[in-house]
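Notes follow once the structure below has been shown.
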Amino acid sequence: MAAEPSLRDASATPSLVVKLVVAGLLSLGVVVIVPRTVSSAGSIPPAGMMLVTATIVAAICGVLLFWGLRSDVGLPVTVAVYAVVFNALVIGVKLVLGPRGYYEASQTKDLDATFAINDSFMAVVAALFVFALYAAAYLVLYRYFRRKVAHLSPDDRFAMRASRRKVVIAVVVLTILLVASGGALLLVFFPLIAGLEYLDFVFSSSLSLLIAVVLACATAFAAMTFNSAADRARLVGDASVFVSFFWVGLYFLALYHVLWVVYVLVLTAVWPLKVVTPK
């Protein structure tokens, strides 16, 4: 029987960092290049092109994620497979179903040019809003399953609390600075409206039910991954295994939203959106 990979602090593993960076760079190349290799005929990007793009990105990220979780974090094959499936489902929504549904709805609904995702700023703020929703669900799962391993490493628990306090302080300071500089509208309303407009178009398309089902399946696999990672950490008596998986997973969620921004900007450059300029 093959021996399980040794456990170590993934946050201090240079090879894991290299894998994460390589996954990001290769995936960025895919979302920039693949859409430009097909004919721009038609008003909606071809479904086949979207599937090819998502499949290549899923293969790149899946291989490097699996490799990193096995060799650097020390998780069993089953846990790594759950994580790969979860990530593949998210990629399918971000790079196929979401953009396809948005384009489909834009053919029959008026799309306000102010908040359309063909503008780089609006694409970024919409991505931030949607990422916040993904991250919130991910954090809920993390907090729920972390109770299984909270007793293993008191020092780590205190460190995580201190880290969260630093994040909260940074957010508060940034908010005060933005408000003081007249950026309150930019901070709150633009991400909210841009994000809600994107979700409204996506979930008013014929793909809305399929998107909901895929997201539910992704959530289920994420829960299975967290549960199995917590069991593994408890078995070996090392909570850092669970915490390391959390940070790796959060990195990939953030990566997919960066890819989405680049991807939709490329798509809307090749297949322009039908927008309405407000009077």
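Looking across segment 31-46 at every residue that is assigned to a helix (DSSP H, G or I) and in contact (Cβ under 8 Å) with a residue 60 or more places away in the chain, the one that is surrounded by the most Cβ atoms within 10 Å (Cβ to Cβ) is identified as VAL31.
Checking the stated criteria, ALA59 turns out not to satisfy the condition of being closer than 17 Å to ALA254 by Cα, of a type in the set (Gly, Ala, Ser), modelled with pLDDT of 95 or more and out of contact with any strand residue (DSSP E or B) (no Cβ under 8 Å at 6 or more places or on another chain). Among the residues making up segment 134-157, those that are modelled with pLDDT under 75 and outside any helix (DSSP H, G or I) are ALA150, HIS151, LEU152, SER153. Considering segment 223-256, and only residues there that are more than 30 Å from ALA127 (Cα to Cα) and buried (at least 20 other Cβ atoms within 10 Å of the Cβ), the residue that is modelled with the highest pLDDT turns out to be ARG232.
The values are calculated or read from the model by the stated rules, or taken from the named source; none is laboratory data. Just so you know, these numbers come straight off a predicted model, no measurement behind them. Glycine gets a Cβ as well: all are built from the backbone with ideal geometry, and neighbour counts include every protein chain shown.
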